[in-house]
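**Q** Below are the structure tokens for one structure; questions will follow.
The values are calculated or read from the model by the stated rules, or taken from the named source; none is laboratory data. Predicted, not measured: the structure shown is a model, and the values here were computed from it. Note that we place each Cβ from the backbone using ideal geometry, even for glycine, and neighbour counts take in every protein chain shown. Accessible surface is based on the protein model in full, side chains and every heavy atom, while ligands, DNA and RNA are left aside. Shrake-Rupley method; radii C 1.70, N 1.55, O 1.52, S 1.80 Å.
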Amino acid sequence: MPASDGLPEQLLELRLGCRLEFESVNASPIALMVEPAPEATLSVHWTLPDGADPPPPECDAHGNRVRRLVLPVGLTVIGYEATVRATVDADPDPAGAGQHLVQDLPADVLPFLLPSRYCESDRLVEMAWTLFGDRPAGAPRVQAVCDWVHGHLTFGYGTSDSHTSAWDVLASGRGVCRDFAHLAIGFCRALSIPTRYAFGYLPDIGVPPPPEPMDFCAWMEVYLDRNWWAFDPRNLARRIGRRVVGRGRDAADVAMITTWGPAQLRAMKVIAESTS
């Protein structure tokens, strides 16, 4: 596809995937959300019990791709690996993007102004306006939120769990990227800025690799100037190769793994790297 300046668009190839190890004492239905959007996918390989073919993809209420299967009793390993195409450009720069009046927003954007399970924006209104109300509306105000969250939370695995909300992490001052995103989303919604949760793969391209093992990454997307823009309060940078797997109101909408039954995730490995 030609670039807007008439030059050929520069592309790179990414290797993305995960290996999940489950243990279950009973047959357990699960839903997996681990695939980026298919339009840029060049190849896919699944590893399933007994060499089975992957179940067909389904779309949830937010348009995310989900695959459902039943884990057998015992130890089960599921693998997903794909080669996808991406541009060499970093996340689009939202600088200068303006904020809409609520009455001018499209109807399908309005739910992303409301409190949700992990983003209690109604409890954050007073604090949000005290901290950020004097910042220019639009992208500068959103960036101020990200800067504050990045500076006031300490990243660390094991510092939060599946019950931790934005309000909880504000009190503890610690969390993982999911918690950084939830708190920033809560502040933005409290400021009447439509904001949704996103997660996916984020390769370490052009940045020093972190000491922690590769993992899925969570960030947020903000509706400004009739577009959704990625903001990353955990990494606080525009990055190359970001690939969305799921979007929703918060992590409850886009769980990577949803189980109905006694299945336990025993181990997980995530791959996100450039092959070109």
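**Q** Against the condition open to solvent by less than 20 Å² (accessible area, probe 1.4 Å), of a type in the set (A, V, I, L, M) and outside any loop (DSSP other than H, G, I, E, B), how does ALA181 come out, does it pass?
**A** So ALA181 passes the test.
**Q** Identify, from the list VAL125, VAL149, VAL145, VAL176, the residue that is modelled with pLDDT of 95 or more, more than 27 Å from MET256 (Cβ to Cβ) and hydrophobic (A, V, I, L, M, F, W, C). Reasoning before the result, please.
**A** Details: VAL149 fails: more than 27 Å from MET256 (Cβ to Cβ); VAL145 fails: more than 27 Å from MET256 (Cβ to Cβ); VAL176 fails: more than 27 Å from MET256 (Cβ to Cβ).
Criteria check complete, one pass: VAL125.
**Q** Of all residues in the range 253-276 being among the hydroxyl-bearing types (Ser, Thr, Tyr) and surrounded by 16 or more Cβ atoms within 10 Å (Cβ to Cβ), which is farthest from SER28 (Cα to Cα)?
**A** Step one: filter the range 253-276 for residues among the hydroxyl-bearing types (Ser, Thr, Tyr), giving 258-259, 274-276.
Then keep just the ones that are surrounded by 16 or more Cβ atoms within 10 Å (Cβ to Cβ); that gives 259, 274.
Details: THR259: 7, SER274: 35 Å.
For the range 253-276, the residue satisfying everything is SER274.
Yes/no per residue for (1) at negative phi; (2) in a strand (DSSP E or B); (3) modelled with pLDDT of 95 or more:
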{"position": "GLY186", "(1), (2), (3)": "yes, no, yes"}
{"position": "PRO208", "(1), (2), (3)": "yes, no, no"}
{"position": "PRO211", "(1), (2), (3)": "yes, no, no"}
{"position": "ALA218", "(1), (2), (3)": "yes, yes, yes"}
{"position": "TYR223", "(1), (2), (3)": "yes, yes, yes"}
{"position": "ARG234", "(1), (2), (3)": "yes, no, yes"}
{"position": "VAL244", "(1), (2), (3)": "yes, yes, yes"}
{"position": "MET268", "(1), (2), (3)": "yes, yes, yes"}
{"position": "ALA272", "(1), (2), (3)": "yes, yes, yes"}
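**Q** May I ask you to list the residues in the range 208-237 that are charged (D, E, K, R) and crowded, with 16+ Cβ neighbours inside 10 Å?
**A** Residues satisfying the conditions are ASP215, GLU221, ASP232, ARG234.
**Q** Okay, moving on. How many residues does the range 137-153 hold that are touching a helix residue (DSSP H, G or I) at 6+ places or on another chain (Cβ under 9 Å), of a type outside the set (A, V, I, L, M, F, W, C) and surrounded by fewer than 19 Cβ atoms within 10 Å (Cβ to Cβ)?
**A** Counting residues in the range 137-153 that are touching a helix residue (DSSP H, G or I) at 6+ places or on another chain (Cβ under 9 Å), of a type outside the set (A, V, I, L, M, F, W, C) and surrounded by fewer than 19 Cβ atoms within 10 Å (Cβ to Cβ) gives 2.
**Q** Looking at GLU126, is it open to solvent by less than 60 Å² (accessible area, probe 1.4 Å) and out of contact with any strand residue (DSSP E or B) (no Cβ under 9 Å at 6 or more places or on another chain)?
**A** Working: open to solvent by less than 60 Å² (accessible area, probe 1.4 Å): no; out of contact with any strand residue (DSSP E or B) (no Cβ under 9 Å at 6 or more places or on another chain): yes.
Considered against the rule, which asks whether it is open to solvent by less than 60 Å² (accessible area, probe 1.4 Å) and out of contact with any strand residue (DSSP E or B) (no Cβ under 9 Å at 6 or more places or on another chain), GLU126 comes out as no.
**Q** Looking only at the range 91-105, which residues are modelled with pLDDT of 95 or more and either touching a strand residue (DSSP E or B) at 6+ places or on another chain (Cβ under 8 Å) or not β-branched (Val, Ile, Thr) (or both)?
**A** ASP91, PRO92, ASP93, PRO94, ALA97, GLY98, GLN99, HIS100, LEU101, GLN103, ASP104, LEU105
**Q** Determine whether the range 22-30 contains at least one residue that is open to solvent by less than 50 Å² (accessible area, probe 1.4 Å) and without any contact (Cβ under 8 Å) to a residue 60 or more places away in the chain.
**A** Looking for residues that are open to solvent by less than 50 Å² (accessible area, probe 1.4 Å) and without any contact (Cβ under 8 Å) to a residue 60 or more places away in the chain, one finds none in the range 22-30, hence no.
**Q** Considering the range 111-146 alone, what residues qualify as being of a type in the set (D, E, K, R) and within 16 Å of ARG178 (Cα to Cα)?
**A** ARG117, GLU120
**Q** Checking the conditions here, which among PRO111, PRO92 is open to solvent by 50 Å² or more (accessible area, probe 1.4 Å), under 30 Å from ALA171 (Cα atoms) and not basic (Lys, Arg)?
**A** PRO111
**Q** Tally time: how many residues in the range 95-104 are under 23 Å from the mean Cα position of the chain (by Cα) and either surrounded by 14 or more Cβ atoms within 10 Å (Cβ to Cβ) or part of a helix (DSSP H, G or I) (or both)?
**A** Number of matching residues: 2.
**Q** Based on this model, can you work out whether ALA128 counts as more than 22 Å from the chain's Cα centre (by Cα) and assigned to a helix (DSSP H, G or I)? Show your work before the answer.
**A** Values: more than 22 Å from the chain's Cα centre (by Cα): yes; assigned to a helix (DSSP H, G or I): yes.
Judged against the criteria, ALA128 is a match.
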